[in-house]
Amino acid sequence: MSAFIPSFPASTVLGYPRIGPRRELKRALESYWDGRTSRAELDRVGAGIRERTWRRLAELALEGLPSNTFSLYDQVLDTAVLLGAVPARYRDAADPYFAMARGTDGLAPLRMTKWFDTNYHYIVPEIGPETVFKLDAAKPLAEVRQARALGYETRPVVVGPVTFLLLGSALDRLDEVLACYEELLSALAAEGVAWVQLDEPALVGDRTPEELAAVRTAYERLGALGPRPALFVASYFGDLGESLPALAATPVEAIGIDLVRGGVPGVDLSGKTVVAGVVSGRDVWRTSPERALAALAAVRAGQVVVSTSCSLQHVPYSVADEPDLAPELKERLAFAEEKVAEVVALARADFRGSVPAGPSVALPAPVVAEERAPYAVRAAAQAAHLRLPILPSTTIGSFPQTGELRAARAAVTAGTLTREEYERRVEAEIERAIRLQERLGLDVLVHGEPERNDMVQYFAEHLDGFAVTRNGWVQSYGSRCTRPPILHGDVSRPGPITVRWSTYAQSLTDRPVKGMLTGPVTIVAWSFVRDDLPLRDVVFQVADAVREEVRDLEAAGLSIVQVDEPALRELLPLRRAAQDDYLEWAVAAYRRATSGASDRTQIHTHLCYSDADQILTAIDGLDADVTTIESARSGARILGAVQAFGRGLGPGVYDIHSPRVPGVEEVEQLLRGAVAALPAERVWVNPDCGLKTRTYEQVEAALTNVVSATRRIRAELDA
């Protein structure tokens, strides 16, 4: 280790948005994937986004600039490439990186799931006995050199070894991986890098004694290396808890602590630099200077650095890009640029004094207004009414959002297309989706959601208490971006939201059409939520609005209503001690939203890409009649946990996040696994998720194979 320890800059951020202020990366990725541009052009766009980021952070007077936070798809996938953890089957692909992320015609992609308790999706590392770790440091070194050529010294950011291996379920490979990290640190030292940031968010969860021992082993070994950059181990999304003493006992020079979601540590860190996350990277509200300064003053450390609680990749670029928001709301908001300015201002303030925080308020738990009949009673009533075949087939809800639809929606906003003409186009698209589903032979149809820009934003636009942005884009995964609404006031429903389109679709066909709603937990989870009420109270306000919509759909003649909750697992607290309370009120909110339906109305729900096998008891507790759930992308691992599931279940048989079309035999194999795990009369057939991001050509080919496989299995069951 070098005898000289460089001082840490007084202000920094743990990461920054990387999609570009106008989603430049999204467009460049999709152009490359479609074969319209070269990889060189994609890399040029990426270099431009990085340059703009460093220049803007410097203009805002931020002192510590990070690098290697940019990614063409995902930072965990980048780490797998860095460490050589590329499965052999991808190495001969034209572009192995994107083959792992998206798959090819002949290759399924790697599994994808949520990044801790956020709506960001990461690519899960695949680490097996045959994996040989070998460092490829080209990317972090190239970014250090690019920034230096622009006049900026940066701090490379890399996912830490313990978190990477925990995500890949391979902590037993620690010694091999540490050899790569040692090599990386030596390469960065040779490049003249002063500090390196190793992200270890897994340490804020419950960790076993063996895992804590791995933390000590990793950072004692890396800390003993010399020469090397100074080590900054960053944690976020909660309290380090028992991991903090383990980490503090190692030779790392700096530790990052989330003081927004976690408390001020009671551990004396006088020998360390503490990078104090007092500006939230997870919401869009301005920081309270009094609370931030109080937290900073309470930290006992050798040096206290002001920072964000986590990377700012979870918030949009700038409030200045939002001319449509009400002035009184804009005054309360801070996006990435404004949060950087807050960090800089706090670093310049004197935080030696302490301001006490206000007391928390305990509120009684909301209750479900009424209960439906037991599942067996409802199932009998629904079977008699719907008369569906065994293994009923359906889709999750959305059909492809064509360029024409998006252009029409933009034209309405611009005033160049009348609302009446737009609605005629929506009706035509609904009829297109209905006729296609009839022709393919699906049993339960959907209207395709052509009127919806996003499954949460659409409802936010029709509920009081929300505001929507023009340019507030946030990356969800790869090129997929969303604009989370801003939930700033009390929520209520002025009138029906989906009834017109669902009833129009039902009027076109004799087959049942599902009414499609987003559930209360997901609407709140995928919004930026007011911070002056307990989260559960906000969720119950939304549940009451959804409840009204369910009743109106039923009254309009819809026999099936789907209320999706893909974010149910996402909001699960990272610490087990807090999980039961969350699941209790989250399940209660869902039941409040749906319990007003009659027994004959079949309630569906949907979850995807979120390790739902960890909360199956809670999913069963939602009391939905049918649950559709992601399974194909994750290799049907959910089937190992569903034997006790007591309701209808549709494990996905088609991974919609890859452009590849599954063959009939592939779908058959997945269906056979479902029928082996569950009684056939409770199995549904469906894709992993909605079809919004796919083309009609891909959808028709895939669903044709899904229906063909379903008919084969039905014939076997009938024989």
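The values are calculated or read from the model by the stated rules, or taken from the named source; none is laboratory data. Predicted, not measured: the structure shown is a model, and the values here were computed from it. Neighbour counts run over all protein chains shown; Cβ positions are idealised from the backbone, glycine included. The area values use the complete protein model at the heavy-atom level, side chains included, leaving out ligands, DNA and RNA. Shrake-Rupley method; radii C 1.70, N 1.55, O 1.52, S 1.80 Å.
For this structure, a couple of remarks:
- Length-normalised contact order for the chain - Cα pairs under 8 Å, 6+ apart - percent: 13 percent
- For Kirkwood radius over Cα pairs in Å, calculated from these coordinates, the label among [x] 27.9; [y] 25.3; [z] 26.7: [z]
- Only helices enter the 222 nm calculation for the chain: every DSSP H run of n ≥ 4 contributes -39,500 (n - 2.57), and dividing by all residues gives -12000 deg cm²/dmol, rounded to 500.
- Whole-Hz ³J(HN,Hα) from phi, Karplus 6.51 cos²θ - 1.76 cosθ + 1.60, for the range 580-594, glycine and proline x: 4, 4, 4, 4, 4, 7, 5, 5, 4, 5, 4, 5, 5, 5, 10
- Reachable lysines from K134, criterion Cα separation under 29 angstrom, eight or more residues apart if same chain: K114
- Evaluating 6.51 cos²θ - 1.76 cosθ + 1.60 at θ = phi - 60° for every residue in the range 9-18, the Karplus couplings come out as x, 6, 9, 7, 10, 7, x, 8, x, 10 Hz, glycine and proline recorded as x.
- Relative contact order of the range 101-215, defined on C-alpha pairs under 8 angstrom at six or more residues apart (%): 25 percent
- Using the average count of surrounding beta-carbon atoms within 10 Å as a protection proxy, the listed peptides 388-398, 126-136, 638-648 rank, highest first, as 388-398, 638-648, 126-136.
- Counting charges near P316 (Lys, Arg +1; Asp, Glu -1) among other residues having Cβ under 9 Å from its Cβ returns a value of -1.
- Coupling constants for the range 469-479 follow from the phi torsions by the Karplus curve (6.51 cos²θ - 1.76 cosθ + 1.60, θ = phi - 60°), and in residue order they are 9, 8, 10, x, 7, 9, 6, 9, 6, x, 8 Hz; glycine and proline get x.
- Between the range 417-470 and the range 629-644, the Cα center-to-center distance that results, in Å: 29 Å
- Cα centroid of the range 260-280 to Cα centroid of the range 289-328, whole Å: 15 Å
- Between amide H atoms placed 1.01 Å from N, distances below 5 Å from L445 occur with V513, K514, all of them 5 or more places distant or on a separate chain.
- Protein-only accessible surface order, largest first, of W285, W473 at 1.4 Å: W473, W285
- Annotation: E427 carries an accessible surface of approximately 50 Å², with a 1.4 Å probe and no ligand, DNA or RNA atoms counted.
- Two-site label geometry, A187 and A407: point separation in nm, points 7 Å out along Cα→Cβ: 4.5 nm
- Sum of side-chain charges, I638 neighbourhood, beta-carbon under 9 Å (Lys, Arg +1; Asp, Glu -1): -1
- Mean-position separation - Cα centroids, the range 573-589 and the range 48-85, in angstrom: 34 Å
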